[in-house]
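First up is the structure itself, then whatever we jot down about it.
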Amino acid sequence: MKAKAARLHAAHDIRIDEFELPPIKDDEMLVKVVTDSICMSTYKMAILGPEHKRVHADVAEHPAITGHEFAGDIVEVGAKYADTYKPGQKFTIQPALNYKGSMDSPGYSYEFCGGDTTYCILPQEVFATGCFLVYEGEAYYQASLAEPMSCSIGAFHAAYHTRMGVYTHDMGIREGGKLCINAGAGPMGLGALTYALHCDRRPGLVVVADINQERLDRAERLFPPEEVLRDEGIELHFVNTGVVDDPVATLREITGGEGYDDVLCYAPVAAVVTQSSLILGRDGCLNFFAGPTDKNFQAPINFYEVHYGSQHVMGTTGGNTADEIESLELTAAGRIDPAVMVTHVGGLDAAPETTLNLPKIPGGKKLIYTHIEMPLIALDDLRSKAGEDARYGELADIVDAHKGLWSPKAERYLLDNWVQK
């Protein structure tokens, strides 16, 4: 079968290629990809090329399909799984396979498996590790976003707290405690916020800190603090730490001076890491979530409080399959809405440029629909295109009716009205 995909050939070199997929083996599966949401990790892969831990040295000879946050339909099932899965079923995957200790992952390491493509082959490792997930929801984008949501969910589960004299870790954020999502008004921070407000182990106070007022304003429109307090019983604050004289004092003041039980740091910036350390309270847990590209990245933290205040620092790089299943279940139940992460949509033709320029494109997640041709466009800009193409106006009406968010109805309209490739 012919496929069309965005593939990495070298550092800073992503191309749209058309190629023939080989016949599947008995333990493989041919799938149609419908959506892929572009991750900052893919940008890091794109600029590093074979220097990236997950990219093979021979990527020039065997280009890797980019994208790992994808969902679609089963087309053909290998004989080994023919009694378990059927063509036509929707699917998504957990790309962190960790197969036999290998770093190989769809979207980084495979010539015929990734998200920025029309069709791909899922290798046997996906099934051997239990990372293939049947999806029974309505919208494909929700399944794509289950992977980035699972990363934030994993960070919440990996947090831990201690009790003096007891050498046992209590896992998870502190229930009813104080949580700060630092540099948290971006897509992953908003994913963490929607989870914090609606999961089973919730904080009593949440502060989202950032230096981008536009992002903070959007976050506050999506999560009005008065509504959150009324409906969820959680006190919510949005703070621009770039406009206050003493960000640490400002953030600590919100806690009554006690500091935070849990801090999620979403920027690989030394000053933000230090700030995150200084706002911790006793037994506070700092999760350094944002992955740096600099292998020697370092930042000062307060080791006096690590010793005397039982503060601890950890990091997570993704979620696991259970985290992704939790994301899918919470989304299906209407408890979380991963659409808060999405600010742009586009077709497969937009994937290479979008990936290579990701840090320069404002907003949140960029959602790629792989079977259409469409330039990347911000949801806020859809209306401005209506004069040259009425379809954009119709799409803008749907988005506006959903608080400016992408939705299953918007996806259906896009798939029904844009040319399928």
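The values are calculated or read from the model by the stated rules, or taken from the named source; none is laboratory data. Since this is a predicted model, take the numbers as computed values, not measurements. Cβ sites come from the backbone with ideal geometry, for glycine too, and all protein chains shown count toward neighbours. Quick note on the areas: whole protein, heavy atoms, side chains included, nothing else; ligands and nucleic acids left out. Shrake-Rupley method; radii C 1.70, N 1.55, O 1.52, S 1.80 Å.
The set of residues in the stretch 311-322 being assigned to a loop (DSSP other than H, G, I, E, B) and at pLDDT below 95 consists of 316, 317, 318, 319, 320.
Checking the condition open to solvent by less than 30 Å² (accessible area, probe 1.4 Å), among the acidic types (Asp, Glu) and touching a residue at least 24 places away in the same chain (Cβ under 8 Å), which residue from 69, 51, 76 passes? Even if it seems obvious, please write down each step before you answer.
Details: 51 fails: open to solvent by less than 30 Å² (accessible area, probe 1.4 Å); 76 fails: open to solvent by less than 30 Å² (accessible area, probe 1.4 Å).
Going through 69, 51, 76 in turn, just one is open to solvent by less than 30 Å² (accessible area, probe 1.4 Å), among the acidic types (Asp, Glu) and touching a residue at least 24 places away in the same chain (Cβ under 8 Å): 69.
Being over 19 Å from residue 96 (Cβ atoms), at pLDDT 95 or above, of a type in the set (Lys, Arg) and crowded, with 21+ Cβ neighbours inside 10 Å is the requirement here; does residue 15 meet it?
Values: over 19 Å from residue 96 (Cβ atoms): yes; at pLDDT 95 or above: yes; of a type in the set (Lys, Arg): yes; crowded, with 21+ Cβ neighbours inside 10 Å: no.
So residue 15 fails the test.
Of all residues in the stretch 33-48, exactly one satisfies the criterion of being of a type in the set (D, E, K, R) and surrounded by fewer than 21 Cβ atoms within 10 Å (Cβ to Cβ), namely 44. Surrounded by fewer than 23 Cβ atoms within 10 Å (Cβ to Cβ), over 25 Å from residue 359 (Cβ atoms) and among the polar types (S, T, N, Q), is that true of residue 250? Spelling it out, residue 250 is indeed surrounded by fewer than 23 Cβ atoms within 10 Å (Cβ to Cβ), over 25 Å from residue 359 (Cβ atoms) and among the polar types (S, T, N, Q).
For residue 335, indicate whether it is at pLDDT below 95, open to solvent by 20 Å² or more (accessible area, probe 1.4 Å) and among the basic types (Lys, Arg). Write out each step before concluding.
Values: at pLDDT below 95: yes; open to solvent by 20 Å² or more (accessible area, probe 1.4 Å): yes; among the basic types (Lys, Arg): yes.
Spelling it out, residue 335 is indeed at pLDDT below 95, open to solvent by 20 Å² or more (accessible area, probe 1.4 Å) and among the basic types (Lys, Arg).
Quick one: in the stretch 268-323, which of the residues that are of a type in the set (Asp, Glu) and open to solvent by less than 50 Å² (accessible area, probe 1.4 Å) is nearest to residue 169 (Cα to Cα)?
Step one: list which residues in the stretch 268-323 are of a type in the set (Asp, Glu), which gives 283, 294, 305, 323.
Going one step further and asking which of them are open to solvent by less than 50 Å² (accessible area, probe 1.4 Å), we end up with 283, 323.
Details: 283: 11, 323: 20 Å.
So the residue we want is 283.
Of the candidates 329, 353, 388, the single residue that is within 23 Å of residue 146 (Cβ to Cβ), without any contact (Cβ under 8 Å) to a residue 60 or more places away in the chain, open to solvent by 20 Å² or more (accessible area, probe 1.4 Å) and among the acidic types (Asp, Glu) is 329.
Counting the residues of the stretch 237-285 that are within 20 Å of residue 308 (Cα to Cα), free of Cβ contacts under 8 Å to residues at least 60 places away in the same chain and not in a strand (DSSP E or B) gives 7.
Of all residues in the stretch 128-145, which are of a type in the set (A, V, I, L, M), under 30 Å from residue 100 (Cβ atoms) and either open to solvent by 10 Å² or more (accessible area, probe 1.4 Å) or part of a loop (DSSP other than H, G, I, E, B) (or both)?
At the first step, the residues of the stretch 128-145 found to be of a type in the set (A, V, I, L, M) are 128, 133-134, 139, 143, 145.
Retained after the next criterion (residues that are under 30 Å from residue 100 (Cβ atoms)): 128, 133-134, 143, 145.
Once the filter is applied, which keeps residues that are of a type in the set (A, V, I, L, M), under 30 Å from residue 100 (Cβ atoms) and either open to solvent by 10 Å² or more (accessible area, probe 1.4 Å) or part of a loop (DSSP other than H, G, I, E, B) (or both), the stretch 128-145 yields 128, 133, 134, 145.
Is it the case, given these coordinates, that residue 32 is assigned to a strand (DSSP E or B) and basic (Lys, Arg)? Yes.
Considering only residues in the stretch 191-213 that are under 20 Å from the mean Cα position of the chain (by Cα), in a helix (DSSP H, G or I) and of a type outside the set (Ser, Thr, Tyr), the one that is surrounded by the fewest Cβ atoms within 10 Å (Cβ to Cβ) turns out to be 198.
All of 113, 180, 120 fail the test of being within 30 Å of residue 226 (Cβ to Cβ) and either more than 15 Å from the chain's Cα centre (by Cα) or part of a strand (DSSP E or B) (or both), apart from 180.
Residues that are in contact with an Asp or Glu (Cβ under 8 Å, 6 or more places away or on another chain), closer than 30 Å to residue 343 by Cβ and modelled with pLDDT under 95 occur in the stretch 33-47; there is at least one.
Checking every residue in the stretch 368-375 against the condition of being in contact with a His (Cβ under 8 Å, 6 or more places away or on another chain) and not small (Gly, Ala, Ser) gives zero matches. Checked against (1) on the phi > 0 side of the Ramachandran plot; (2) touching a strand residue (DSSP E or B) at 6+ places or on another chain (Cβ under 8 Å), residue 12 passes all but a single condition, namely (2).
Residues are listed down the side, and each one gets a yes or a no for (1) modelled with pLDDT of 95 or more; (2) open to solvent by 10 Å² or more (accessible area, probe 1.4 Å); (3) hydrophobic (A, V, I, L, M, F, W, C):
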residue: 101; (1), (2), (3): no, yes, no
residue: 106; (1), (2), (3): yes, no, no
residue: 116; (1), (2), (3): yes, no, no
residue: 119; (1), (2), (3): yes, yes, no
residue: 147; (1), (2), (3): no, yes, no
residue: 152; (1), (2), (3): no, no, no
residue: 160; (1), (2), (3): yes, yes, no
residue: 165; (1), (2), (3): no, yes, no
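For the stretch 219-236, filtering for residues that are without any contact (Cβ under 8 Å) to a residue 12 or more places away in the chain, out of contact with any Leu (no Cβ under 8 Å at 6 or more places or on another chain) and either in a helix (DSSP H, G or I) or among the aliphatic types (A, V, I, L, M) (or both) leaves 4. Is it true that residue 183 is on the phi > 0 side of the Ramachandran plot and buried (at least 23 other Cβ atoms within 10 Å of the Cβ)? Spelling it out, residue 183 is indeed on the phi > 0 side of the Ramachandran plot and buried (at least 23 other Cβ atoms within 10 Å of the Cβ).
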